[in-house]
Amino acid sequence: MNHGEMIFTVATAVVDGRPIAATGGRDRALRLWDLTTYEEIGHPFTHDATVVAATTMVIGERPHVITGSADQTVRLWNLASGEQIGPAWRFSAPINALDVAAGRLVVAFGQEIAALTPC
């Protein structure tokens, strides 16, 4: 598995019974990897700057990945279809970290933190 640029984040999930890794980096992309075959899956999910954070979350019984970038946005992606869900959420500073706790997405940006509840 070769991302092609420096990797800043990794998250894992199971999609259709297949373990995957999602890696994000300096190339402004989040790439999906099949952890059984070590092959890249589908096309990259892109931002306008370095992808610095990623986490996974099950929403409505479907696996999703959430990405955060130096472009000050957080994006939600359906892991099965590869499609972005809704518009990007814009923050007042670059994203530093993401995590999921108690069904909420926790976003660290600049010197601030926000806890969001998915609809």
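The values are calculated or read from the model by the stated rules, or taken from the named source; none is laboratory data. These figures come from a predicted structure and were not determined experimentally. Heads up, the Cβs are rebuilt from the backbone with ideal geometry, glycines too, and the neighbour counts pull from every protein chain shown. To get the accessible areas, we keep the full protein, side chains included, count just its heavy atoms, and leave off ligands, DNA and RNA. Shrake-Rupley method; radii C 1.70, N 1.55, O 1.52, S 1.80 Å.
Would you mind counting up the charge near GLU39? Only other residues with Cβ under 13 Å from its Cβ, with Lys and Arg at +1 and Asp and Glu at -1.
Taking every Cβ under 13 Å from that of GLU39, the sum is 0.
Which whole-number percent gives the relative contact order of the chain, counting Cα pairs below 8 Å spaced six or more residues apart?
Working: 304 pairs, mean separation 19.5, N = 119.
Result for the chain is 16 percent.
Leaving out ligands and nucleic acids, note down the accessible area per residue over the range 1-105 with a 1.4 angstrom probe, in whole Å². Don't skip to the answer; put the middle values down first.
On the way: 5460 Å² over 105 residues.
Ligands and nucleic acids excluded, the result is 52 Å² per residue.
I'd like to compare 92-98, 24-30: which one has the highest average count of other Cβ atoms within 10 Å, and what's the full order after that?
Put in order of decreasing packing, that is 24-30, 92-98.
How much length is gained on full extension from ALA97 to SER81, taking 0.36 nm per residue of separation minus their Cα-Cα distance? Walk me through the numbers before you get to the answer.
Details: separation 16, 0.36 × 16 = 5.76 nm, distance 2.44 nm.
Value of the extension gain: 3.3 nm.
Once label points are set 7 Å from the Cα along Cα→Cβ at both THR37 and ASP16, what is their separation, rounded to one decimal in nm?
In this crude spin-label approximation the distance works out to 1.0 nm.
Can you order the peptides 8-20, 39-51 by their average number of other Cβ atoms within 10 Å per residue, highest first? All intermediate terms of the calculation are to be shown ahead of the outcome.
Working: 8-20: 14.6, 39-51: 16.6.
Going from most to least packed, we get 39-51, 8-20.
Hey, of (i) 14.1; (ii) 15.5; (iii) 14.7, which did the structure itself give for Kirkwood radius over Cα pairs in Å when calculated?
(i)
In the chain, carbon and sulfur make up what percent of the accessible area (probe 1.4 Å)?
Details: 3300 of 6460 Å².
C and S atoms contribute 51 percent here.
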